[in-house]
Amino acid sequence: MADVTITKPNSRTHETEADRIGVELAARAGYDPYGAVTVWEKMAREGGSEPPELLSTHPSSATRIADLKVYAARVQPLYEQARNR
């Protein structure tokens, strides 16, 4: 029970944080932050079935894609700034 209620949600949170940091670093380096969305869409198509998110240490592909779209929009100004240097 502790695994499902304590460990896995924390792990999913860390995965989401890592995704966001990666997207921000990519944007600051001049890479399109929406590239991460494209990668995860491809992985979702090719990856097959997933366990229920509640039982996984990682966010589902759908959750990850939705979050990355929001976060990519948030860091888009950093990308544009990096491209204009």
Quick check on this structure: which one of 20, 74 is among the basic types (Lys, Arg), modelled with pLDDT of 95 or more and surrounded by fewer than 15 Cβ atoms within 10 Å (Cβ to Cβ)? 74
Members of the stretch 33-55 found to be touching a residue at least 40 places away in the same chain (Cβ under 8 Å) and loosely packed, with under 15 Cβ neighbours inside 10 Å, listed by number: 54, 55
Within the stretch 56-71, the count of residues that are crowded, with 18+ Cβ neighbours inside 10 Å and farther than 18 Å from residue 11 by Cβ comes to 2
Does residue 30 fit the bill of being surrounded by 14 or more Cβ atoms within 10 Å (Cβ to Cβ), small (Gly, Ala, Ser), part of a loop (DSSP other than H, G, I, E, B) and at pLDDT 90 or above? yes
Just to be sure I understand the filter: pairs with C-beta atoms under 7 Å, separated by 6 or more residues or on different chains, first member in the stretch 9-23 and under 16 Å from residue 73 (Cβ atoms) and of a type outside the set (Ser, Thr, Tyr), second member at pLDDT 95 or above and not in a helix (DSSP H, G or I). Which pairs pass? 23/33
Within the stretch 35-85, the residues that are hydroxyl-bearing (Ser, Thr, Tyr), under 13 Å from residue 19 (Cβ atoms) and assigned to a loop (DSSP other than H, G, I, E, B) are 60
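The values are calculated or read from the model by the stated rules, or taken from the named source; none is laboratory data. These figures come from a predicted structure and were not determined experimentally. Glycine gets a Cβ as well: all are built from the backbone with ideal geometry, and neighbour counts include every protein chain shown.
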